[in-house]
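Presented below is the structure to which this report refers.
The numbers here are math on the coordinates, done by the rules we state, and not lab data. Computed from a predicted model, the values in this text were never measured in an experiment. Cβ coordinates were reconstructed from backbone atoms using ideal geometry, including for glycine residues, and neighbour counts include every protein chain displayed.
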Amino acid sequence: DTGVSQNPRHKITKRGQNVTFRCDPISEHNRLYWYRQTLGQGPEFLTYFQNEAQLEKSRLLSDRFSAERPKGSFSTLEIQRTEQGDSAMYLCASSMGQGQETQYFGPGTRLLVL
Amino acid sequence: SQKIEQNSEALNIQEGKTATLTCNYTNYSPAYLQWYRQDPGRGPVFLLLIRENEKEKRKERLKVTFDTTLKQSLFHITASQPADSATYLCALEAAGNKLTFGGGTRVLVKP
């Protein structure tokens, strides 16, 4: 257990529905990252926050995806109008930043879109 | 374009032997490189970080080398054990400290 928690661990939804995932990072960590991982591939960067500011978004993150970190603590990732291609493991990671580069990953949320 | 390549074929190895995994990259000049372990259905777990000015790093039975001229890192597991069976991911730092991962290499250690 790295200290990063994600909820839910599993989500099954029908195409077109909206889903929201939550990530609670290690409390003293300033940076929070979201990644997506499909079977047999490494994680792909989606977006990251420094405190409450969203500093970068990948081109992978379509307009249907939005992420927030309102108070610089937990973060949410919402997918609107889900598509079957959104089925993947969504991973959250946190780090202290300021030269401390190690990222600590949560257990992930596995999404299946039917 | 930037690429990170790891051997996609699984590595089957006998217990007690040394497993050696390769990570090659192109069009990167990373300040550091990291190796993670991932078990099925779980998030990656950090193992080792090596900086561009370091040639070698060790942690218990793990050893990582980093050759910025060859653009390659080697990851060694010595005296391998069945508990070492997992997927091992190589990751490079990009701007903003975000990580770009290779596809991972699955290691299976047979007793």
Most mobile listed residue (B:Arg37, B:Arg51, B:Arg61) in chain B, GNM with C-alpha springs under 10 Å: B:Arg61
Two-site label geometry, B:Asn24 and B:Glu52: point separation in nm, points 7 Å out along Cα→Cβ: 2.1
Amide H partners (placed H, <5 Å) of A:Leu46, local residues excluded: A:Trp34, A:Tyr35, A:Arg36
Relative contact order of chain A, pairs being alpha-carbon contacts under 8 Å that are 6 or more residues apart, as %: 37
Region A:68-114 - percent relative contact order, Cα under 8 Å, separation 6 or more: 38
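Count charges around A:Glu101 for me, please; just the other residues with Cβ under 15 Å from its Cβ, Lys/Arg as +1, Asp/Glu as -1.
Local net charge: +1.
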FRET efficiency, A:Glu68 to A:Arg110 (Cβ-Cβ, R0 30 Å, nearest 0.05): 0.90
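Determine the relative contact order of region B:3-110: mean sequence separation of Cα pairs under 8 Å and six or more apart, normalised by residue count, in whole percent. Walk me through the intermediate numbers first.
Numbers: 259 pairs, mean separation 39.8, N = 108.
With pairs under 8 Å counted, the relative contact order is 37 percent.
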Candidates A:Leu55, A:Leu39, A:Leu91, ranked by Gaussian network fluctuation over chain A, Cα under 10 Å, top entry: A:Leu39
In order through region B:98-111: 3J(HN,Hα) via Karplus (6.51 cos²θ - 1.76 cosθ + 1.60), integer Hz, x for Gly, Pro: 6, 9, 10, 9, x, x, x, 10, 7, 10, 10, 9, 9, x
Where labels lie 7 Å past Cα in the beta-carbon direction, separation of A:Leu39 and B:Asn7 in nm: 2.4
